[in-house]
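The values are calculated or read from the model by the stated rules, or taken from the named source; none is laboratory data. These numbers were taken from a predicted model, which means no experiment stands behind them. Here Cβ is always computed from backbone atoms with ideal geometry, including for glycine, and neighbour counts include all displayed protein chains.
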Amino acid sequence: GGIITQTPKFLIGQEGQKLTLKCQQNFNHDTMYWYRQDSGKGLRLIYYSITENDLQKGDLSEGYDASREKKSSFSLTVTSAQKNEMAVFLCASSIVASINERLFFGHGTKLSVL
Amino acid sequence: GEQVEQLPSILRVQEGSSASINCSYEDSASNYFPWYKQEPGENPKLIIDIRSNMERKQIQELIVLLDKKAKRFSLHITDTQPGDSAMYFCAASSNTNKVVFGTGTRLQVLP
């Protein structure tokens, strides 16, 4: 079996700071996703990537950048952290592009902005 | 963008009774409808899914129904147990691989 590793687990930032979250998967999955989870708002899609070097905007992409450096890794950058922001960022992957299959999730990065 | 509505946001049921969660979607090209369960402190995990070529699927106590005409799908948990208490998310996706989630339902199974 494979695993999705998100780093760091906890991230504390300052207002206005640029923050980068990393995600690695060893499933050899094609597609990777970044979601933001806020209490009462479910999982909102920020960016996804169908294959290496591909990047697709989700509904919440404003204020974020992403990069699919290689097939196994997908990073997310918060371009300017908002004061008092608190959320969990979940990375996920799925097996093959163009075929809908289940997502496998990482354990999340918890962001707090002071 | 595409939206998936999910209701109710909180659901309390007595142990042994049934629980139902309803979702609706907008994109008529959606063809895959998974359900995820998230326990406290854990990541979401797939529990059951249904594709657009089916109307009903059952895995043990979990039943999913899909009404493509109405663009609605639902999860029914029969004979609920304390271990079923968790957050549940529905989702919908099409061949673009964009997976859109509902806002979640917190299910509490009361003893």
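Rundown of residues vs (1) in a loop (DSSP other than H, G, I, E, B); (2) within 12 Å of another protein chain (Cβ to nearest Cβ); (3) exposed (fewer than 15 other Cβ atoms within 10 Å of the Cβ), yes/no style:
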residue	(1), (2), (3)
A:A66	no, no, no
A:L76	no, no, no
A:A81	yes, no, no
A:L90	no, yes, no
A:S93	no, yes, no
A:N100	yes, yes, no
A:K110	no, yes, no
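Evaluate the following for B:I48: is it away from chain A (no Cβ under 11 Å), touching a residue at least 12 places away in the same chain (Cβ under 8 Å) and either within 30 Å of A:K9 (Cβ to Cβ) or out of contact with any Phe, Trp or Tyr (no Cβ under 7 Å at 6 or more places or on another chain) (or both)? Criteria not met by B:I48.
Residues that are modelled with pLDDT under 95 and away from chain B (no Cβ under 12 Å) were ranked within the range A:35-61; the one that is surrounded by the most Cβ atoms within 10 Å (Cβ to Cβ) is A:E52. I'm checking my understanding of the structure. Among residues of the range B:85-104 that are within 7 Å of chain A (Cβ to nearest Cβ) and among the polar types (S, T, N, Q), which one is nearest to the chain's Cα centre (by Cα)? Checking each candidate, the answer is B:T103. Among the residues of the range B:59-84, those identified as more than 11 Å from the chain's Cα centre (by Cα) and among the aliphatic types (A, V, I, L, M) are B:I59, B:A70. Within the range A:30-61, if we keep just the residues that are of a type in the set (D, E, K, R) and not in a loop (DSSP other than H, G, I, E, B), the residue that is nearest to the chain's Cα centre (by Cα) turns out to be A:R36. Evaluating B:S30 against the criteria (1) part of a loop (DSSP other than H, G, I, E, B); (2) buried (at least 18 other Cβ atoms within 10 Å of the Cβ); (3) away from every other protein chain (no Cβ under 12 Å) leaves one unmet condition, (3).
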